[in-house]
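What follows is one structure encoded as structure tokens, with my remarks underneath.
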Amino acid sequence: MRRAIHTTLKQGLATLIIACMLPAARADDAASPQNWLPVKDGSLVIGDGSILDFSSLAPPPKQITARLIVNPKGYFATEDKPQKEQRFLMASLGFGAATGSFPDHATADLYARQLRVHGYNMARVDFVEDTLMTGRHADFDFDPEQFDRFHYLLSALKNQGIYYMLNGLSSGNGAYGDVAERWVDKHHLKLGVFYDADAQAHWKTLMQKMLGTKNPYGDIAPLDDPAMAGLIMVNEGGLAFLTHSAIPDVLRPAFNAWLARKYGNTAAMAKVWGGEIGNGEALESKNVAFPKADAWTSHRMSDTQQFFTDLEKSTADWMSAYMHQLGYRGLLTAYDNWLSPSANYSRGQFDWIDLHNYYAEPSNFIAPGSVMRQDSMFGGGAKYIAELAANRHIGKAFTVSEYGQVFWNKYRRESALAIPAYAAFQQWSMICQHAGAIMLSYGATGGRKDAIYPFMIGLDPIARADETLAALLFLRGDVAPARHMLGVKLDPHFAYDDNPLLGSIPFDIARAGLVSGIGIDEQGRLEGSGKYEAQIQPGSVDLKVAGKGLVAGDQGMLGKLDSVAQQFAGRLGAKAAKNEALSATRFDGRAGAMRSAGLLPANNATSASDGIYQTDTGEVILDSQHKRMTVVTPRTEAVVFDDPQAIALDRLIVEQSDGPALVSISAMDGAPLQSSGRMLLIVATDARNSGMQFADAAETTLQKLGKLPVQMRTIVVKLKLRNTNAAHLKVFSDTLRGARGDAIAVTHDADSISFVLDTSKLSHGPTTYFEVVAQ
């Protein structure tokens, strides 16, 4: 099977594995100091007209006059042009978390201009209330200087044509005074808004004062400003997340009241719950307990999830009504960070669905002993991306306002290619890597500007490469959208009875997001509407195809379960290998139905059993077993690889490399790659702080975060590029701000050039950016 798969790839669009490695390939040995060099860049301000100036991706700067809406097709659009889909690359500014202060007026203007130059057309201003309340003693006593700076920042963004998104509530402390540490949850306001009248009143007052106060620099309150793209009423405020360690007893009275309304009495409940009722438990005594949060399915768990859904919906109802009472006409959403099927009932009430997901988060931020996994996201089949795709709702705008493969995971270059590629393929409306999207220099002081931090991307050259590629693959639209759409019918039995509170949509379903468009259809209401072509049947490999009925999947795949499990046994335990094999063979059986129904081309290379996923457009291929991903489009070609083997795309060939990397090339002059005369080349490896120390050789357990200067792992890579302008092409290195640096020696052939990049030899220090130009 594997030989057949790679033959298909060789004959098709993607990776050709050539047996020509460097004579002595360097191991990815982070402990070898000769492999790391400090970044020499000071300023990170991108110059106008440089290869990194992406301001042309957005309309000219102007005052925003039209609100965002969700159009009938389920995409962001503006009120004045409702049929035109609008896509957004959002910058998470992170001023509160990074510095505890909004920038002064001059810096805000520079930031807003630089956001535009970086390609951003939307910004998220987070933890506003915490920044306004730092050091304040009385409730709602906003720091007047910070409130002024907040308003000026919003005006500066608007003047650059950048929409902004806000949280209603960012942390559990709201606008309470006398909170010594704003980042430690003292008042538990996020949970309180579900049941406590005082907490609910506090939230309302916060919305009125923080968002309803007139901005002196625009003579309009944020709530009335068309530049305010949307409001996340409570950020990461879903009950499953807030109670994931244990469901607190403070919610038990409401739960018992809910059960009493549903069943009437204990005897009626016992007919459903049976032996699950514990000794002494009774609705009449109001002492029915919650299940353990990590318990599997049961009637108690099913009712708990339904109770959470009802409570979340009623809470969102009064919040939405209050925002409308204040006069807000913009977009609203909530419950943005849980992946269980039941959470989609709460999110599904909104026209705009927002979601967060991460891969490899540190166990205790930067404290000594904090643990970070050091494995590949690709090795698990890009699960965190597939999970995001499977939780989109068909017919509603879908955004991801937080994602990341977090520092110090050494494979985070994978997300730099994968997230923007799959986001464009799935036609999401917005993506945003969290947080601190840009920094203006490596010399700034204050807050988290002295080193690369987890969840802060502006000083991390690898995370910045993610944003650069996102502007091209996603915002510019280099990756084509899926040709077909699959629907996942969300019904109560599937959501509440079959799946636990802390579970997720089964991966045999979510994997479809790596090959086809996918989204949730709540209660099957959209079936037959033309919004999707086939419906996935959970637990079955068959598809329900519009106009054709059930199309049988490949049942024979399930018979290969044991042999597939053996393939995974080398890197997974026996039980995990069996579970992974069951998921993979179920998906492969369903992929057979997709081919039979014409939803996948007959020669599509997808085989989860072999770790291969190819999109229905043919442009994107993930090879999870080799931790490799390729993207081949008319304007961009890219590859992320772990093994330093030679890899041929279409126009770009990685002939040799002495280590793992991301390599991409994009046309920047409006022409396709084959004839472009101005191209941006990205080579990203890994980066870390000087003096960073770990307790183990695998670098999972942190001892010391380190400090600036940032160090980058150097690489020697030989590339070949086929282009009709080959005779006139030259190659230059660029600094991290896009300033042209060294000329790179080039060998010219009739229709191609070859050159070697050695990032340890550059006069301006290591970089991720190069340019290829016809001169």
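Overview of values
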quantity	calculated
Residue match in region 454-465 (condition: part of a loop (DSSP other than H, G, I, E, B) and open to solvent by 30 Å² or more (accessible area, probe 1.4 Å))	yes
Filter result for the condition that a residue is surrounded by 14 or more Cβ atoms within 10 Å (Cβ to Cβ) and of a type outside the set (Phe, Trp, Tyr), over Thr78, Thr65	Thr78
Test for Arg483: is it within 26 Å of Ala591 (Cα to Cα) and either open to solvent by 20 Å² or more (accessible area, probe 1.4 Å) or not in a helix (DSSP H, G or I) (or both)	yes
Count of region 155-193 residues which are out of contact with any Phe, Trp or Tyr (no Cβ under 9 Å at 6 or more places or on another chain), within 28 Å of Asp219 (Cα to Cα) and of a type in the set (Gly, Ala, Ser)	1
Positions within region 169-198 being among the hydrophobic types (A, V, I, L, M, F, W, C), within 29 Å of the chain's Cα centre (by Cα) and not in a loop (DSSP other than H, G, I, E, B), in sequence order	Leu189, Leu191
Qualifying residue in region 725-747 (condition: crowded, with 20+ Cβ neighbours inside 10 Å and either over 25 Å from Ser50 (Cα atoms) or of a type in the set (Phe, Trp, Tyr) (or both))	no
Members of region 573-605 found to be open to solvent by 10 Å² or more (accessible area, probe 1.4 Å), of a type in the set (Gly, Ala, Ser) and touching a residue at least 24 places away in the same chain (Cβ under 8 Å), listed by number	Ser583, Gly592, Ser596, Ala597
Those residues of region 486-504 which are open to solvent by 10 Å² or more (accessible area, probe 1.4 Å) and part of a loop (DSSP other than H, G, I, E, B), in sequence order	Asp491, Asp498, Asn499, Leu502, Gly503, Ser504
Yes/no for Ser607 being polar (S, T, N, Q), within 30 Å of Ser666 (Cβ to Cβ) and at pLDDT 85 or above	yes
Residue match in region 395-412 (condition: assigned to a helix (DSSP H, G or I), among the aromatic types (Phe, Trp, Tyr) and under 22 Å from Val640 (Cα atoms))	no
Region 524-538 residues that are touching a residue at least 40 places away in the same chain (Cβ under 8 Å), paired with ones that are among the hydroxyl-bearing types (Ser, Thr, Tyr) (beta carbon under 7 Å, 6 or more apart)	Leu526/Tyr532
Sole exception among (1) under 22 Å from Lys627 (Cβ atoms); (2) open to solvent by 10 Å² or more (accessible area, probe 1.4 Å) for Ala608, by number	(2)
Hey, Leu355 buried (at least 21 other Cβ atoms within 10 Å of the Cβ) and at pLDDT 95 or above or not	yes
Residue match in region 407-417 (condition: out of contact with any Pro (no Cβ under 8 Å at 6 or more places or on another chain), within 25 Å of Phe350 (Cβ to Cβ) and at pLDDT 95 or above)	no
Some residue of region 438-449 being of a type in the set (A, V, I, L, M, F, W, C) and touching a strand residue (DSSP E or B) at 6+ places or on another chain (Cβ under 6 Å)	no
Matching option when the condition is closer than 30 Å to Met372 by Cα, open to solvent by 10 Å² or more (accessible area, probe 1.4 Å) and without any contact (Cβ under 8 Å) to a residue 24 or more places away in the chain, among Asp669, Asp643, Asp686	Asp643
Filter result (open to solvent by 20 Å² or more (accessible area, probe 1.4 Å), part of a loop (DSSP other than H, G, I, E, B) and either touching an Asp or Glu at 6+ places or on another chain (Cβ under 6 Å) or of a type in the set (Lys, Arg) (or both)) within region 313-336	Arg329
Pairs with Cβ under 9 Å, 6+ apart, first in region 256-280 and modelled with pLDDT of 95 or more and loosely packed, with under 13 Cβ neighbours inside 10 Å, second acidic (Asp, Glu) and not in a helix (DSSP H, G or I)	Asn265/Glu284
Lys544, sole failed condition from (1) in contact (Cβ under 8 Å) with a residue 24 or more places away in the chain; (2) touching a Leu at 6+ places or on another chain (Cβ under 9 Å); (3) open to solvent by 60 Å² or more (accessible area, probe 1.4 Å)	(1)
Identity of the residue in region 337-352, open to solvent by 30 Å² or more (accessible area, probe 1.4 Å) and not charged (D, E, K, R), that ends up farthest from Gln86 (Cα to Cα)	Trp338
Some residue of region 521-540 being open to solvent by less than 80 Å² (accessible area, probe 1.4 Å) and over 25 Å from Gln427 (Cα atoms)	yes
Residue in region 511-535 that is nearest to the chain's Cα centre (by Cα), counting only those that are of a type in the set (A, V, I, L, M) and assigned to a strand (DSSP E or B)	Ile518
Residues located in region 227-250, provided they are more than 30 Å from Gly161 (Cα to Cα), more than 21 Å from the chain's Cα centre (by Cα) and touching a residue at least 60 places away in the same chain (Cβ under 8 Å)	Leu239, His244
Check on Lys40, at pLDDT 95 or above and over 30 Å from Asp225 (Cβ atoms)	yes
Scope region 607-624; condition touching an Asp or Glu at 6+ places or on another chain (Cβ under 8 Å) and not in a strand (DSSP E or B); matching residues	Ala608, Ser609, Gly611
Residue match in region 672-680 (condition: part of a strand (DSSP E or B), at pLDDT below 95 and out of contact with any His (no Cβ under 6 Å at 6 or more places or on another chain))	no
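Residue by residue, here is whether (1) over 19 Å from Ala91 (Cα atoms); (2) surrounded by 24 or more Cβ atoms within 10 Å (Cβ to Cβ); (3) modelled with pLDDT of 95 or more holds:
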| position | (1), (2), (3) |
| --- | --- |
| Ala389 | yes, yes, yes |
| Pro420 | no, yes, yes |
| Ala423 | no, yes, yes |
| Gly436 | no, yes, no |
| Leu440 | no, no, no |
| Arg448 | no, no, no |
| Ile452 | no, yes, yes |
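The values are calculated or read from the model by the stated rules, or taken from the named source; none is laboratory data. Worth saying up front: this structure is predicted, and the values here are computed from it rather than measured. Because the Cβ atoms are built from the backbone with ideal geometry, glycine has one as well, and the counts that use them run over all protein chains shown. Areas reflect the complete protein model, heavy atoms only, side chains present, ligands, DNA and RNA absent. Shrake-Rupley method; radii C 1.70, N 1.55, O 1.52, S 1.80 Å.
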